[in-house]
Number of protein chains: 2
Amino acid sequence: MNHPTVDPQLLREARDRARREHEEAKASGLKLDITRGKPCSAQLDLSERMLTVLAEGEHTTQAEGDLRNYGATQGLTELREIFAPLLDVRPDQLVVRDNSSLSLMHQCVSASFFHAPPGAPEGTGWAGQTVRFLAPVPGYDRHFTVCSELGVELVTVPMTPDGPDMDLVEELVAKDATLKGMWCVPKYSNPTGVTYSSETVRRLAAMQTAAPDFRVYWDNAYAIHHLRSSEAQLDPILEACEAAGNPDRAFVFGSTSKVTFAGGGVSFFASSAANVAWFLARDGFRSIGPDKLNQLRHLRFFESTEGVKAHMHKHREILEPKFDAVLRHLEKDLAELGIAEWTDPDGGYFISLDVVPGTAGRVVELAKEAGVALTPAGATYPGGVDPDDRNIRIAPTMPSTDDLDTALRVLTSCVVLAAAESLLADDDA
Amino acid sequence: MNHPTVDPQLLREARDRARREHEEAKASGLKLDITRGKPCSAQLDLSERMLTVLAEGEHTTQAEGDLRNYGATQGLTELREIFAPLLDVRPDQLVVRDNSSLSLMHQCVSASFFHAPPGAPEGTGWAGQTVRFLAPVPGYDRHFTVCSELGVELVTVPMTPDGPDMDLVEELVAKDATLKGMWCVPKYSNPTGVTYSSETVRRLAAMQTAAPDFRVYWDNAYAIHHLRSSEAQLDPILEACEAAGNPDRAFVFGSTSKVTFAGGGVSFFASSAANVAWFLARDGFRSIGPDKLNQLRHLRFFESTEGVKAHMHKHREILEPKFDAVLRHLEKDLAELGIAEWTDPDGGYFISLDVVPGTAGRVVELAKEAGVALTPAGATYPGGVDPDDRNIRIAPTMPSTDDLDTALRVLTSCVVLAAAESLLADDDA
């Protein structure tokens, strides 16, 4: 985006149209919400059969016996076999837990304060130390708030089209032993849609870290959430870490919260044998085992790895038109004005919209006046502060296509109005 | 138990019989396990209908809407209304979570290190401080291991027939600001079966504590687990705390792990408005909501508070004969010898057996030789060390009555053998 090239006359005309549309929206009493990446009803319906998939008497597996009782702490063997290939790990590296992957990440960070993960001196924890995590930005707000809740400081690094800026990452982790971890959404990244390149994965696995217990938190939330036939390929992180001689480098997380039911899904933790032993030991002090009946529901519902893939294709059929609707509006209303840029992701749950620097907060405010709730500007940055006040995360999954059409018309009007306020000397708004 | 009154001749005769029985058991290749309080298959069968209680399309409640999605963080309103009276709390004081109550207790202790509960100076946590909890003994081993995992020191206080020794408790908490909490299983206490008296509840609620953020961890695990028609009455702790002017004194915990399915149940946290707000705030950083579909299963399965009570009566019908079988053996084999004492609880999951001091470990060892696994001696004490080496916890729920008969014959033989080794000068074992 090169603002000097914005044509003031074009922008003025767009502003005048946008004003009318904004006034109309305000008058019409709209109430639309495109804030969070929640699945829509049609997506949830895809898993409806899971509610009834178990019959009376169906509560055992050969490997685990009676699933109604305590036990089977690593999760059902057959379910691990189904999901391991989808997360590019081996079944023995995989642990299945109740919802959600976020709670597993919180648990790992929190537990590290009491018992640091393998690599740290035996019997030590992070308590009392300055602990910092790297946060590629823009990123996932709930990663950041886990850290703020647990007193972990965040050090931001910029995202590039290949993943985090690895030159900077390597420099920081090599010299700073207080850097104990790094957040990564490596595939269809939240919110930018970027998938980390092979070179990025290799460098994350191989880099020298000053902290011996440094961990990459590999939140592979959208591993199988494709939106297009051009599916992104992500290199397997655990293999890369083994190959680089850093087998304990990464904690892998995933869940079925956006595959089956949000809340009623299962979550995954995968890592090296030493890390899995650490996780299960810590977890064993808080739990006598997960909800294995819900794991059995997932097992009977999917039956196989191919069953999961077929199921995800149905999600794509619902979501692809919604993403297209958003992109159509952005293209039609904003492209020729040169006042915004946006992503066209091959998967995941978000479209990332960059508006004129300094106007993102204003866009959200204007949209709210017109009855459209957007994720607060800055939500994709630690502390909720986007230093450029530029990024807006659009979540197209939940609303109907009709509601998306309406919301996007309002949104693009607000982008134009805020840009005009910022760029046009004669704008009196 | 008054050992000087043990009749040596009686004990010698019993020893000789016990030796023969122990040798026979060893030769027979027994393999029995009465270690943990796990429900038996017949108990789990009582809830089998919960596997199929939801029909396709049945995934909403009026108050919460679509339960397949994120949200409804306090838990289903109707389910809270059903269980609140059973835990002697108000529905607005109650939070419903996934399994298990142990994980909620772990979560509360752990979270306090980062954000201390109400009463502590704003913005402080327990990290870096010496933190100690009172532990009535004998008690529940998993309470103790939560503390050891999180670096919390335990200070033991003896149990009496009315609950913990309150003179000592009051003295300790009044003077020691490092005492931040206290474990309580107030009804059918684990393992002694004691229910706290009204006076104990009143004093716990009213006592002066040096720590402003002191919390009673009220693990009401067996609130509705009656074994006899003589149901114990426990005074409502939250009401007592309000009446005493210490409304934030207690965290109440419970679960359906031994009501429906272990692992597939739901858990409960109940407390004052300030504490519930604290809990939900902390929990909100790790979770976007519980498994509400499993809550709906519980709601549809029980339908009402009376439905839960009727269900618990069926548990009693299964368990009462098992407890009777254990008591019959203890009475028949040990009563006249004066070498052991045991509890006859009105509810809960355990019978607590006190043997000749210094012989509990030996009893467990002898039983193991004969193929009967007992909970390690000392498990009911912090660090697994019973200073008197006297207490053994018997868990009668899981084995069949036949297996219980066999296991108890072995157990009482071992109690006699170990007593003889300890008390008879001529015993050569």
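The values are calculated or read from the model by the stated rules, or taken from the named source; none is laboratory data. What you are looking at is a predicted structure, and each value in this text was computed from that prediction instead of being measured. Here the Cβ positions follow ideal geometry from the backbone for every residue, glycine too, while neighbour counts run over all protein chains shown. The accessibility values were calculated without ligands, DNA or RNA, using every heavy atom of the protein model including side chains. Shrake-Rupley method; radii C 1.70, N 1.55, O 1.52, S 1.80 Å.
For chain A, set up a Gaussian network in which alpha carbons nearer than 10 Å are linked by springs, and say which option among A:Glu56, A:Glu48, A:Glu171 fluctuates the most. Greatest mean-square fluctuation among the candidates belongs to A:Glu56.
Shielding of peptide A:255-265 by partners, expressed as the average count of other chain Cβ atoms within 10 Å per residue Cβ, is 5. Which FRET efficiency value, to the nearest 0.05, do you get for A:Glu331 and A:Asp167 by plugging their Cβ-Cβ distance into 1/(1 + (r/R0)^6) with R0 = 35 Å? Working from the Cβ atoms, E equals 0.55.
Separation of the range B:273-351 and the range A:133-211, taken as the distance between their Cα centroids, equals 46 angstrom. One quarter of the surface of the convex hull around the alpha-carbon atoms of the range B:58-304 equals 12.8 nm², the direction-averaged projected area.
For chain A, the membrane-span-like helices by this rule, meaning whole DSSP H stretches whose C-alpha atoms cover at least 18 Å of axis and whose Kyte-Doolittle mean is 0.5 or above, are A:101-114, A:401-423; this says nothing about an actual membrane. With Cα atoms defining each centre, the range B:365-429 and the range A:35-111 are spaced 39 Å apart in the structure.
Charged side chains reduced to their Cβ positions (Lys and Arg at +1, Asp and Glu at -1) give the range B:58-304 a dipole of some 440 debye around its Cα centre. Quick check for you: which residues of the range B:233-271 have the amide N under 19 Å from the point 7 Å beyond the Cα of B:Glu303 toward its beta carbon? The answer is B:260. For the range A:312-429, the dipole from Cβ point charges (+1 on Lys and Arg, -1 on Asp and Glu) about the Cα centre works out to 460 debye, to the nearest 20.
Label-point distances for A:Thr52 to the equivalent site in the other copies, using a point 7 angstrom along Cα→C-beta, read 1.1 nm when ranked shortest first. Considering only beta bridges that DSSP places wholly inside the protein assembly as shown, some 50 percent are antiparallel.
When the Cα positions of A:Thr412, A:Pro399, A:Ala116 are compared along the charge dipole of the protein assembly as shown, A:Pro399 comes out farthest toward the positive end, with charges on each C-beta of Lys, Arg, Asp and Glu. Solvent-accessible surface of the protein assembly as shown, taken per residue with a 1.4 Å probe and all protein chains present: 36 Å². Comparing A:Thr375, A:Trp342, A:Pro387 along the charge dipole axis of the range A:280-390, the residue lying farthest to the positive side is A:Thr375, per the Cβ-charge model. Magnitude of the charge dipole for the protein assembly as shown, about its Cα centre and with charges confined to Cβ atoms of Lys, Arg (+1) and Asp, Glu (-1), is about 340 debye. Over all pairs of different C-alpha atoms in the protein assembly as shown, the reciprocal of the mean inverse distance, the Kirkwood hydrodynamic radius, equals 29.4 Å. Largest mean-square fluctuation among A:Asn99, A:Asn69, A:Asn275, in a Gaussian network model of chain A whose springs join Cα atoms under 10 Å apart, belongs to A:Asn69. Dividing the summed helix terms, -39500 (n - 2.57) for each DSSP H run of n ≥ 4, by the number of residues in chain B produces a 222 nm estimate of -12500 deg cm²/dmol to the nearest 500. Separation of the alpha carbons by more than 24 angstrom is noted, of A:Lys258/A:Lys292; B:Lys187/B:Lys368; A:Lys309/B:Lys292; B:Lys258/B:Lys292; A:Lys38/B:Lys292; A:Lys187/A:Lys314, for B:Lys187/B:Lys368; A:Lys309/B:Lys292.
Of the whole protein surface, A:Glu239 contributes about 120 Å² of accessible area at a 1.4 Å probe radius. Each of A:Asp426 and B:Lys368 was given a label point 7 Å from its Cα along the Cα-to-Cβ line. The distance between the two points is 9.2 nm.
Just checking the listed ones, A:Ser197, A:Ser271, A:Ser41: in the Gaussian network model of chain A with Cα springs under 10 Å, the one fluctuating most is A:Ser41. Ascending distances from the A:Asp426 label point to its copies in the other chains, with the point 7 Å along the Cα-to-beta-carbon line: 12.1 nm. Projected onto the charge dipole of the range A:58-304 (+1 at Lys/Arg Cβ, -1 at Asp/Glu Cβ, origin at the Cα centre), which of A:Leu204, A:Gly284, A:Val252 gives the Cα projection farthest towards the positive end? Value: A:Gly284.
The phi torsions of the range B:180-194, fed into the Karplus equation with coefficients 6.51, -1.76 and 1.60 and a -60° offset, translate into couplings of 9, x, 8, 7, 9, 10, x, 10, 6, 3, 8, x, 7, x, 5 Hz, rounded to whole numbers, with Gly and Pro shown as x. Using the Cβ-Cβ distance between A:Ala273 and B:Gln233 with R0 = 56 Å, the FRET efficiency computed as 1/(1 + (r/R0)^6) comes to roughly 0.65. As a test, work out the antiparallel percent of DSSP beta bridges whose residues both lie in chain A, rounded to the nearest 5. Here the antiparallel bridges make up roughly 50 percent for chain A. When nucleic acids and ligands are ignored and a 1.4 Å probe is applied, A:Lys309 ends up with an accessible area of around 110 Å². Here is the interface size for B with A: some 4800 Å² of accessible area buried, both sides summed, with a 1.4 Å probe.
A label point on B:Lys368, set 7 Å along the Cα-to-Cβ line, lies at 6.4 nm from each of its counterparts in the other copies, closest listed first.
Summing charges over neighbours of B:Asp283, with a neighbour being any other residue whose Cβ is under 12 Å away from its Cβ, gives +1 when K and R count +1 and D and E count -1.
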